[in-house]
Amino acid sequence: MTETKKRRPRPKRGKVVNWESPNWEPLLRLARVYVGEFMWMGEVQLRGGISLHLYKHYWTRRYLHLTEDGRAFFYRSDLERSDFEEASYQEIPEDEIPKLFDRVIRRPDPEWEALEAREERERYGIPGYTDEDGKGDGLDAR
């Protein structure tokens, strides 16, 4: 017996209907602790009546597209219409949402990751940290 591959739902088209009244509930339910790292960018009404809230991460500039009931979508730029009246969104399987969220908030630049690690060591006094003027934190590994 051959195993059938799960098919993704077809992309849905939608239009921006709200730029002024933010709704943070979908993001609060997904990742309350990270809400301060996002900007609410608008609301898209998908065909079929689904409201999709657009959240942009302040640092990575990547988007989360979340529905009121906790589903996630991604923007399909490959299906964009030339008149920009509608955009296409593809639903993401529920088990892939944590992976998507991690990709949205993760800084892709290795230099930033190194800086972030150094700031962590500095903040918590972890051995191995030495600041620019050589004083260190008193716990330097020598």
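Hey, any hits in the range 16-35 for a residue that's assigned to a strand (DSSP E or B), assigned by TED's automatic domain parsing to the domain that holds LEU100 and at pLDDT 90 or above? No, every residue in the range 16-35 fails to be assigned to a strand (DSSP E or B), assigned by TED's automatic domain parsing to the domain that holds LEU100 and at pLDDT 90 or above. Among the residues of the range 40-61, those identified as closer than 19 Å to ARG103 by Cα, of a type in the set (Ser, Thr, Tyr) and at pLDDT 90 or above are TYR55, TYR58.
Of the residues making up the range 32-71, those that are surrounded by 17 or more Cβ atoms within 10 Å (Cβ to Cβ) and among the hydrophobic types (A, V, I, L, M, F, W, C) number 9.
The values are calculated or read from the model by the stated rules, or taken from the named source; none is laboratory data. Keep in mind that what you see is a predicted model, and the values were worked out from it rather than measured. Backbone-built Cβ (ideal geometry, glycine too); neighbour counts: all protein chains shown.
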